[in-house]
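Trainee: Structure provided below as structure tokens; questions to follow.
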Amino acid sequence: MKKLIAIILCLCMSIAIFAGCSGNGDGGNSDGKITITYMTWASGGQKEVEKKVIEEFNRTHPDIEVKATFVPGDYLSRMQTLIAGHKEPDIALMYGNYIHDWAQKGLLADLTPYTQNSTIDFDDMLPMAKFYDQGKLYGATATLETILVYYNKQIFADAGVTEEDVKGWTWNEYVEILRKVTVDKDGNHPGDSGFNTKKIKTWGTFVPTASYINEPLLWSNGGAYFEPDGSGLAVDRPESIEVLQKLTDLTFVEKVAPTAADMAGMSSQIKMLKDGRLASFISGTYDIAGFVSEDWYDYGVAELPIFKESANQLWGEPVVIFESSKHKEAAFEFLQYLINPEFSLKLSEEGSCIPAFKSWYTDADKFASWADNKYHGADFRKLIPDLVTNCTATRTIYYVKNSDAVGNVIWSALDQCFLNNKPVRDIVKDLDQKAKPYLQGVWETIPWID
């Protein structure tokens, strides 16, 4: 009898656990509210802001309750496991390069009908903030990022570099400035007799190796990682090779950036910029939050250096609603609340991101509400409105099928250049063949690549 009771108890517990894990059930609770589940990878300051947004939404929407799950690590695997078990959340933050695939598999809800009577002006959203597949809207991002050059104002000024010098600078002008601000402990600069890379006081920059940061530099020169129709790679174009080689040369020829061995034991680039051990670096707008954490704001920002024409990108990962949700209207109610800049203003104020709506750059009051503070300098406020509103490109991986596998072929090969000084031309000459087993074309032709 005891054994039978134990078995029954175990079965009851299993049923209860299974029911508790379900993400697409009726979604009701004892007080009559609709419960919707939300999953996000937000952590740190962004998590705290999202928690406050959720709390305020729940307070102002008495008929809906949002229950959030924060998964800061291994997010994709967790989501794929939930999908395999038919337990996906109602609404979630998702990677943009999965939108087309999941939409065409019927996993995502078409948001288009809900936008007609939305409290959000979706026409005001910047194009790069909306994720379409075959003319239907399947995701919208709450915030965006773009790429800037950050520099230590005092170091640049001491080297005689003015704010005018960094406006519209060419690649060659950029490198010349890096030579001026790179100095060893004896006061020597690259090219001087006795210059010693083992005794550096201030490095000019770190070489950016992240694909999404380097991609606009390729575009600036007429290069690219992928052909616009996905038929092959474009990383072996002469224009692409030139840019990638010049990036590699910053370390091994120009001597204005540390090697991987030199970087061992170094602190973050934000901390090094603050401490005067680094004069500049290229990164996303998200790094402004790092300066806020350091409580140090004597940094300047500039646009990316230009090869042939100015280029940059805007990107942000979308919020999606799953087709399995039994409460899509309630989920959309939360989605439009979540992406409304008014309710997540702190994220933009303190530099975790920038708004996804055009009017928040063109309307002086709206722009001032998030950018006119100690976290964003005067040069940022001058640069960012035109940079954002005139940008027409986003990450190409959002368009490329099987982008994870294809990208890994490219990025792992280029590491040999950035880390080990392998000639770019030699490394990329057979990449197209190596990538061929993984190339499956594009979901839609990449519109800004020729």
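The values are calculated or read from the model by the stated rules, or taken from the named source; none is laboratory data. Every value quoted in this text rests on a predicted model; they were computed, and no experiment measured them. When we count neighbours, we look across all protein chains shown, and the Cβ atoms used for this are built from the backbone with ideal geometry, even at glycine. For accessibility, only protein heavy atoms count, side chains too; no ligands or nucleic acids. Shrake-Rupley method; radii C 1.70, N 1.55, O 1.52, S 1.80 Å.
Trainee: Select from the stretch 270-298 the residues that are within 16 Å of Val161 (Cα to Cα) and open to solvent by 10 Å² or more (accessible area, probe 1.4 Å) and write down the one among them that is nearest to the chain's Cα centre (by Cα).
Mentor: That would be Asp298.
Trainee: So which pairs qualify, if the first residue must be in the stretch 348-360 and without any contact (Cβ under 8 Å) to a residue 40 or more places away in the chain, the second must be surrounded by 20 or more Cβ atoms within 10 Å (Cβ to Cβ) and part of a loop (DSSP other than H, G, I, E, B), the Cβ gap must be under 8 Å, and the two must be at least 6 apart or on different chains?
Mentor: Trp360/Pro341
Trainee: Turning to a different aspect of this structure: Within the stretch 186-208, take every residue that is farther than 15 Å from Leu304 by Cβ and among the aromatic types (Phe, Trp, Tyr) and give me the one that is least open to solvent (accessible area, probe 1.4 Å).
Mentor: Taking the candidates together, the pick is Trp203.
Trainee: Let me ask another. Can you work out which of the residues in the stretch 239-261 that are among the hydrophobic types (A, V, I, L, M, F, W, C) and buried (at least 17 other Cβ atoms within 10 Å of the Cβ) is nearest to Trp219 (Cα to Cα)?
Mentor: Val243
Trainee: So which residues in the stretch 175-219 are in contact (Cβ under 8 Å) with a residue 12 or more places away in the chain, under 19 Å from Phe156 (Cβ atoms) and assigned to a helix (DSSP H, G or I)?
Mentor: Val175, Ile177, Leu178, Arg179, Lys180, Val181
Trainee: Looking for something open to solvent by 20 Å² or more (accessible area, probe 1.4 Å) and over 21 Å from Val442 (Cα atoms) - is there at least one such residue anywhere in the stretch 209-232? Talk me through it step by step, then tell me what you get.
Mentor: Step one: of the stretch 209-232, the residues open to solvent by 20 Å² or more (accessible area, probe 1.4 Å) are 209-212, 219, 222, 227-229, 231.
Checking which are over 21 Å from Val442 (Cα atoms) leaves us with 209-210.
Yes - at least one qualifying residue is present in the stretch 209-232.
Trainee: Cβ-Cβ below 7 Å, separation at least six or inter-chain, first residue in the stretch 397-413 and within 19 Å of Lys429 (Cα to Cα), second surrounded by fewer than 18 Cβ atoms within 10 Å (Cβ to Cβ) and of a type in the set (Lys, Arg): which pairs?
Mentor: Here the result reads Val409/Lys434, each pair linking the stretch 397-413 to a residue that is surrounded by fewer than 18 Cβ atoms within 10 Å (Cβ to Cβ) and of a type in the set (Lys, Arg).
Trainee: Which residues, taken from the stretch 327-376, are hydrophobic (A, V, I, L, M, F, W, C), over 27 Å from His61 (Cβ atoms) and open to solvent by 10 Å² or more (accessible area, probe 1.4 Å)?
Mentor: Ala364, Phe367, Ala368
Trainee: Only residues that are surrounded by 12 or more Cβ atoms within 10 Å (Cβ to Cβ), of a type in the set (Val, Ile, Thr) and not in a strand (DSSP E or B): list them for the stretch 52-68, please.
Mentor: Across the stretch 52-68, the qualifying residues are Val53, Ile54.
Trainee: Identify, by number, the condition in (1) of a type outside the set (S, T, N, Q); (2) touching a Leu at 6+ places or on another chain (Cβ under 9 Å); (3) open to solvent by less than 40 Å² (accessible area, probe 1.4 Å) that Asp236 doesn't meet.
Mentor: In the conditions (1) of a type outside the set (S, T, N, Q); (2) touching a Leu at 6+ places or on another chain (Cβ under 9 Å); (3) open to solvent by less than 40 Å² (accessible area, probe 1.4 Å), Asp236 misses (3) alone.
Trainee: Does Lys382 count as outside any loop (DSSP other than H, G, I, E, B), at pLDDT below 95 and surrounded by fewer than 18 Cβ atoms within 10 Å (Cβ to Cβ)?
Mentor: Here the answer is no, as Lys382 does not meet what is asked.
Trainee: For the stretch 21-30, state whether one or more residues are surrounded by 19 or more Cβ atoms within 10 Å (Cβ to Cβ), in contact with a Leu (Cβ under 9 Å, 6 or more places away or on another chain) and modelled with pLDDT of 95 or more.
Mentor: no
Trainee: Scanning for something open to solvent by less than 30 Å² (accessible area, probe 1.4 Å), closer than 19 Å to Gly223 by Cβ, in a helix (DSSP H, G or I) and β-branched (Val, Ile, Thr), does the stretch 427-446 turn up at least one residue?
Mentor: Going residue by residue through the stretch 427-446, those that are open to solvent by less than 30 Å² (accessible area, probe 1.4 Å) are 427-428, 431, 435, 441-442, 446.
Narrowing further to those that are closer than 19 Å to Gly223 by Cβ: 427-428, 431, 435, 442, 446.
If we keep only those that are in a helix (DSSP H, G or I) as well, we get 427-428, 431, 435.
Keeping just the survivors that are β-branched (Val, Ile, Thr) gives 427-428.
Yes.
Trainee: While we're on this one: Checking the condition part of a loop (DSSP other than H, G, I, E, B), out of contact with any Cys (no Cβ under 8 Å at 6 or more places or on another chain) and in contact (Cβ under 8 Å) with a residue 60 or more places away in the chain, which residue from Gly168, Gly160 passes?
Mentor: Only one candidate passes the filter, namely Gly168.
Trainee: To continue, here is another question. For Lys422, are the conditions met, namely being at pLDDT 95 or above, open to solvent by 60 Å² or more (accessible area, probe 1.4 Å), within 28 Å of Pro228 (Cα to Cα) and in contact with a strand residue (DSSP E or B) (Cβ under 8 Å, 6 or more places away or on another chain)?
Mentor: In short, no.
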